[in-house]
1. Given +1 on the Cβ of Lys and Arg, -1 on the Cβ of Asp and Glu, and no further charges, what dipole in debye does the chain carry about its Cα centre, rounded to the nearest 20?
2. For the range 161-169, take each phi angle, set θ = phi - 60°, evaluate the Karplus expression 6.51 cos²θ - 1.76 cosθ + 1.60, and give the result in whole Hz per residue in order, putting x for glycine and proline.
3. So, in nm, how far is label residue 12 from label residue 249 when the simple model puts each one 7 Å beyond its Cα toward the Cβ?
4. Pulled fully out, how much extra length does the chain show between residue 328 and residue 60, if you take 0.36 nm times their separation in residues and subtract their Cα-Cα distance?
5. Determine ³J(HN,Hα), in whole Hz, for all residues of the range 289-301 in sequence, where each value follows from phi through the Karplus function 6.51 cos²θ - 1.76 cosθ + 1.60 and θ = phi - 60°; x replaces Gly and Pro.
6. Using 0.36 nm per residue of separation minus the Cα-Cα distance, give me the extension gain between residue 95 and residue 45 in nm, one decimal.
7. At a 10 angstrom cut-off on C-beta neighbours, averaged per residue, how do the peptides 376-385, 70-79, 7-16 rank from highest to lowest?
8. Using the reciprocal of the averaged 1/r over all distinct C-alpha pairs, how large is the Kirkwood radius of the chain in Å?
Amino acid sequence: MTSRVKGTHDFLDLTLFNFVIKEIKAHAQHYHFSEIATPILEPVELFQRSLGTYTDVISKEMFLIDTKEDEERICLRPEATASTMRAFLQHHIEQTPWKVFSYGPMFRYERPQKGRFRQFHQINIEIIGSVAIAQDLQLIKMLDRFFAERLQLNNFALLINFLGCMDDRVIYRDKLYAFLSSEAAAGICDTCKIRKEKNILRIFDCKNPKCQEIYQQAPHSADHLCKACQSEWKQLQDGLSLLSVSFAYEPKLVRGLDYYTKTVFEFVSENLGAQNAFCGGGRYDQLATMLGSKKEYPALGAAIGIERLLLLLEPKKNELSLPEPPALHVILPMSPAQHMLALLLSDTLQAQNVCIDILAEGDSIKSMMRQTNRMGARYALILGADEQQNKTVTVKNMVIGEQETIAQIDLVAYLKQG
Ligand code: HAM
């Protein structure tokens, strides 16, 4: 037997998934976002230019497609922010801020574990062409409201940090480099020594307890901001308090992708275990120019990890207003001689939006009734030789067990009324 590819998964029941999508569509519309979709296939260069060559996603996790030598190198997208910016630039969108959302599968060649897959799904929300910190506040408030009110989650926290503008980031990297080169950081692990040279902010992701202890003393980006960024960082914190969004300042939150500037945040839940972030985002004011735009388009956004969200929702799904399936009625033809009649009847009923299934494989009435019961049917519609002859149906109410005979011609009205 062939099994599915490692790190992928089958959805055998999409009720909760579809519920989340339906809710985000309604929610995003309230905040005046429109829905877009970009391809799963993108040029490798798009992500190399935006996420950074030394990030984990680029250096280890890309799914590259084997194309002909003279063709451009393509990959399965690992995330959707770069794609959204590419679409914005490619279509010369003039009206800004461009507020869009999308959802779909992403691909990263990671070591699979609980909540971490090689093919997973994200909802992406992006605002391109806005510098105002008010947008950061509204985006975070929108997400917080989505989780707390629409999805009724309560066991989560919002972590925020401020990386500063590009100039601040350069200064901060130098400070961090100096710290890592000092006596205080002499004991860092070999991986962190490489990170120090290649992708210095990633040191904070190290799980090694000794490194963690050393980094308690590391300088914080929010302590090395220019005047304008200091003011924005204060506005962000004051604004969140004013909007009643609880948050915790997490100086070690740097996010794994190179395009971030200024605001970064993550929604985390201890119910998720090691992979505790179910939503992450921030500002990416330089991404447009990183992708070759002459004009700067300050921007921000976030992505929600759907699988991790579903892990949080699964235990509380009874509290959600999930859509009820329509009442099901099952036709039981007693022998193949009634199959054609069963098909004709079911066709008439389906045309009237009645939900119908036919049991064409049953051996005895007893086993067919048992199966009808398991299917959760409201009525069993029994068709035997007598019913065929008399143009009737024996209708059994599966809830109260009562049975009666009615004319086939009256069946639609009968089922619709009860
Ligand atoms: P990210 O933090 O890489 O950010 O991913 C966002 C979320 O996707 C994570 O918090 C997590 O819930 C989910 N996720 C990531 N990798 C996996 C995986 N291997 N398996 C399951 N879930 C996963 C981004 O992708 C940015 N594009 C977010 C953004 C949008 N920033 C600005 N705009």
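1. The calculation lands at about 780 debye.
2. Once rounded to whole Hz, the list reads 8, 10, 8, x, 6, 4, 5, 4, 5.
3. Spacing of the two 7 Å Cα→Cβ label points: 4.9 nm.
4. Going from the current span to full extension adds 91.6 nm.
5. Karplus-based 3J(HN,Hα) across the range 289-301 equals 6, 4, 8, x, 6, 6, 9, 7, 10, x, 7, 7, x Hz.
6. 15.3 nm
7. Ranking, from highest mean packing down: 376-385, 70-79, 7-16.
8. About 25.2 Å for the chain.
The values are calculated or read from the model by the stated rules, or taken from the named source; none is laboratory data. Just so we're clear, the structure is a prediction, and the values are computed from it rather than from any experiment. Counting neighbours? That spans all protein chains shown, and the Cβs are built from the backbone with ideal geometry, glycine included. For accessibility, only protein heavy atoms count, side chains too; no ligands or nucleic acids. Shrake-Rupley method; radii C 1.70, N 1.55, O 1.52, S 1.80 Å.
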